[in-house]
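Remarks on the structure that follows.
The values are calculated or read from the model by the stated rules, or taken from the named source; none is laboratory data. Just so it is clear, the structure is predicted and the values come from calculations on it, not from any experiment. Methodologically, a virtual Cβ is constructed for each residue, glycine included, from the backbone with ideal geometry; neighbour enumeration extends over all protein chains shown.
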Amino acid sequence: MTNFNLTTQGTKCGTFAFRKRAHCMTLCCRFYQHASVQKLNEAVLERVGAPQDVRCAIFPSEDGMTRCSQYLRSNENNRHPIREVSFHLAHDASTENATWARFSAALYPEPCTQYAEEFWGFMGDGISSRHAEFCLERLPFMESVSSDPFLRTCGTVNNAETLPPAPWGLSDAGMKTEIKSMIAKCVTSEEPDQEVVTTQDTFLYPKGMCAVGVVARALAPTSPNSSEAVIFG
């Protein structure tokens, strides 16, 4: 399995030692939240009427949200309530809007911020800035669903005809296939006895840490008795 990062903006960093969080933030963008992500955070908290001492972390998938919630609960020993909510379009929409105008959020009290920031920086599951901008523009058309009835809300705009179209014209499926083909060709060994890498062996991810996290979870043993360290550097 070959994993590649498709980052198109921001800073790429190698292995480095850091003593202070502030120093780390100047080196790598994954250790802080982009302004667009912060705006979506604030909009979500306002939408669900969260108290002043509640924060949230937003993810493009429910799986990422669930992993974050589990991490927070395990580190806080369930001392603080962690709530979950997901947003999606309330009306029928184009394939692009229906696919990308959705996200999930873990809501946590302020004392859990340290652990939320750790998860955000090291697991790579957080929403990207461009995805956050896309969702923020369409948030008025979204409804929220949750096991907590206090987090269930309806969209504030009911006219689906005013939903903004996706800013791209054509599907990027063909471009992704071309990129995967180029990567597969580059990483295939020149040794004749080595297996050829194909596009089916190559996976694309929006961020480097997202790819690292997927590989780490795939390699992690299912039994704690057989646990071994998996180190990336």
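Of the residues screened, PHE150 is one that is of a type in the set (A, V, I, L, M, F, W, C) and either at pLDDT 90 or above or outside any helix (DSSP H, G or I) (or both). With respect to (1) in a helix (DSSP H, G or I); (2) surrounded by 15 or more Cβ atoms within 10 Å (Cβ to Cβ), the lone exception for SER86 is condition (1).
Evaluation of ALA93 against the conditions (1) within 20 Å of PRO206 (Cβ to Cβ); (2) among the hydrophobic types (A, V, I, L, M, F, W, C); (3) at pLDDT below 95 shows that the sole unmet condition is (1). Inspect segment 13-35 for any residue being at pLDDT below 50, within 21 Å of SER128 (Cα to Cα) and not in a helix (DSSP H, G or I) and give the result as yes or no. Yes: segment 13-35 contains one or more residues that are at pLDDT below 50, within 21 Å of SER128 (Cα to Cα) and not in a helix (DSSP H, G or I). Every listed requirement among (1) assigned to a loop (DSSP other than H, G, I, E, B); (2) touching a Ser or Thr at 6+ places or on another chain (Cβ under 9 Å); (3) polar (S, T, N, Q); (4) at pLDDT 75 or above is met by GLN9 save one, (4).
Specify which of the listed residues (GLY49, GLY155, GLY126) is part of a loop (DSSP other than H, G, I, E, B), of a type in the set (Gly, Ala, Ser) and at positive phi. Show your work before the answer.
Values: GLY155 fails: at positive phi; GLY126 fails: at positive phi.
Answer to the check: GLY49.
Among the criteria (1) of a type outside the set (A, V, I, L, M); (2) touching a Ser or Thr at 6+ places or on another chain (Cβ under 6 Å); (3) modelled with pLDDT under 85, the one SER223 does not fulfil is (2).
All of (1) in contact with a helix residue (DSSP H, G or I) (Cβ under 8 Å, 6 or more places away or on another chain); (2) farther than 26 Å from ASP53 by Cβ; (3) not basic (Lys, Arg) hold for ASP125 with one exception: (2).
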